[in-house]
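Heads up: the structure comes next, in structure tokens.
The values are calculated or read from the model by the stated rules, or taken from the named source; none is laboratory data. Everything numeric in this text was worked out from a predicted model, so none of it was measured. Cβ atoms come from the backbone with ideal geometry, glycine included; neighbour counts cover every protein chain shown.
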Amino acid sequence: MAYWLVKSEPFKWSWQQQVKNKRTHWDGVRNYQASNNLKAMKIGDKAFFYHSNEGKEIVGIVTVVKEYYPDPSDPKGRFGMVDFEAVRPFGKPVTLEQVKADPALEEIALVRQSRLSVQPVTDEQWRYICRLGETDPS
């Protein structure tokens, strides 16, 4: 299993909406590196759900329930999407400020490639952030 972080602006798609809908497609990705990360996702992989712009915090965990397929909102057919299902919220959100200030997380893509909307997360980073967020890493 691999781990990821996906970003969403809460006014476009929030954690609350994800929980309410349970399962949804993750569309609109138009960056090739982020798209390649979506292509690498497999069913059962987990991702941190990160509120970008407003909040700037990791608030929950989603799991991949459908692998990469064409994004119908892309008129040129270059990009795709995956489907996610909500797993659980964090007991305590982990803020970007916390992540940036923590030497244990200095190599995380959230700090090193801050504009990338779909990012890989290492096993160690996953467990550490889950501990900070007071949630089960499994």
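Things worth noting here:
- Scanning the stretch 105-115 for residues that are surrounded by fewer than 16 Cβ atoms within 10 Å (Cβ to Cβ) and not in a helix (DSSP H, G or I) yields a count of 5.
- Flag for residue 68 being over 13 Å from residue 7 (Cα atoms), of a type outside the set (Val, Ile, Thr), crowded, with 16+ Cβ neighbours inside 10 Å and out of contact with any Asp or Glu (no Cβ under 9 Å at 6 or more places or on another chain): yes
- Inter-residue pairs, beta-carbon under 7 Å, first at pLDDT below 95 and in the stretch 42-56, second in a loop (DSSP other than H, G, I, E, B) and aromatic (Phe, Trp, Tyr), 6+ apart: 54/11
- Being within 15 Å of the chain's Cα centre (by Cα) and of a type in the set (Ser, Thr, Tyr) holds for only one residue in 114, 138, and it is 114.
A quick yes/no check of all residues on (1) outside any helix (DSSP H, G or I); (2) of a type in the set (A, V, I, L, M, F, W, C); (3) surrounded by 15 or more Cβ atoms within 10 Å (Cβ to Cβ):
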site	(1), (2), (3)
5	yes, yes, yes
13	yes, yes, yes
36	no, no, no
43	yes, yes, no
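- Residue 65 vs. criteria on the phi < 0 side of the Ramachandran plot and under 11 Å from the mean Cα position of the chain (by Cα): no
- Taking the stretch 46-104 and the strands (runs of 3 or more DSSP E) fully enclosed by it, the elements with 3 or more residues that are closer than 24 Å to residue 16 by Cα and among the aliphatic types (A, V, I, L, M) are at 57-70, 80-95.
- Residue tally, condition free of Cβ contacts under 8 Å to residues at least 60 places away in the same chain, closer than 18 Å to residue 10 by Cα and aliphatic (A, V, I, L, M), over the stretch 90-124: 2
- The stretch 15-34: number of residues that are of a type in the set (Ser, Thr, Tyr) and touching a strand residue (DSSP E or B) at 6+ places or on another chain (Cβ under 7 Å): 1
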